[in-house]
Amino acid sequence: MVSETVRVPLVLVAAVALVDADGRVLLAERPAGKAMAGLWEFPGGKVEAGERPEATLVRELREELAIEVKEPCLAPLTFASHDYGDFHLLMPLYVCRRWTGRPTPCEGQTLAWVRPNKLRDYPMPPADIPLVPMLIDLL
């Protein structure tokens, strides 16, 4: 018996672990009205057609957090691949320790600076959860 493969859209999202001078990681809580509201995630966003993930992060961090990041300051760390049923998410995770400005929530989200060993205390979307051990090991 041959099983049929169900095709779902592949969504490419770039995310970043912003790490401050004290070794804490910035998390953003998804605001009410958005999918997965109340869950904490790494900042970032959907990669637009023809856009590189690094350019996405520069754009998204400016729009969402009012900070400026230069592409050379984004170091690729790992990625997540997760099936959400109606789409499949592929999410490269970068680490960034240098930016200009103070992260400020511009889209109604709540921000938290979290020690790596406390990241598991924050409920996250399923795709973000496997990224936490990588950050704990790195930081």
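The values are calculated or read from the model by the stated rules, or taken from the named source; none is laboratory data. What you see is a predicted model; the values in this text were computed from it and never measured. Neighbour counts are summed over all protein chains in view; Cβ atoms, including those assigned to glycine, are modelled from backbone coordinates with ideal geometry.
Pull up the stretch 1-20, narrow it to residues that are of a type in the set (Gly, Ala, Ser) and in contact (Cβ under 8 Å) with a residue 24 or more places away in the chain, then point me to the one that is nearest to Trp99 (Cα to Cα). Out of the qualifying residues, it is Ala17. Of the residues making up the stretch 93-139, those that are part of a loop (DSSP other than H, G, I, E, B) and surrounded by 17 or more Cβ atoms within 10 Å (Cβ to Cβ) are Trp99, Pro103, Gln109, Met124, Pro125, Ala127, Asp128. Counting only strands (runs of 3 or more DSSP E) wholly contained in the stretch 1-92, the ones carrying 2 or more residues that are modelled with pLDDT of 95 or more and over 25 Å from Val114 (Cα atoms) occupy 10-18.
Can you confirm whether Pro105 is within 15 Å of the chain's Cα centre (by Cα), within 18 Å of Ala28 (Cα to Cα) and modelled with pLDDT under 95?
Details: within 15 Å of the chain's Cα centre (by Cα): yes; within 18 Å of Ala28 (Cα to Cα): yes; modelled with pLDDT under 95: yes.
Yes; evaluated as a whole, the condition is true for this residue.
For Glu48, the criteria (1) surrounded by 14 or more Cβ atoms within 10 Å (Cβ to Cβ); (2) closer than 16 Å to Ala14 by Cα; (3) not hydrophobic (A, V, I, L, M, F, W, C) hold in every case but one, which is (1). If the condition is being free of Cβ contacts under 8 Å to residues at least 24 places away in the same chain and buried (at least 16 other Cβ atoms within 10 Å of the Cβ), then the stretch 58-77 contributes Val58, Arg59. Exactly one residue out of Tyr94, Tyr84 is out of contact with any Asp or Glu (no Cβ under 6 Å at 6 or more places or on another chain), touching a residue at least 60 places away in the same chain (Cβ under 8 Å) and aromatic (Phe, Trp, Tyr), and it is Tyr94.
Here the condition is being crowded, with 19+ Cβ neighbours inside 10 Å, small (Gly, Ala, Ser), in contact with a helix residue (DSSP H, G or I) (Cβ under 9 Å, 6 or more places away or on another chain) and under 30 Å from Arg7 (Cα atoms); of Ala28, Ala55, Ala80, it holds for Ala80 alone.
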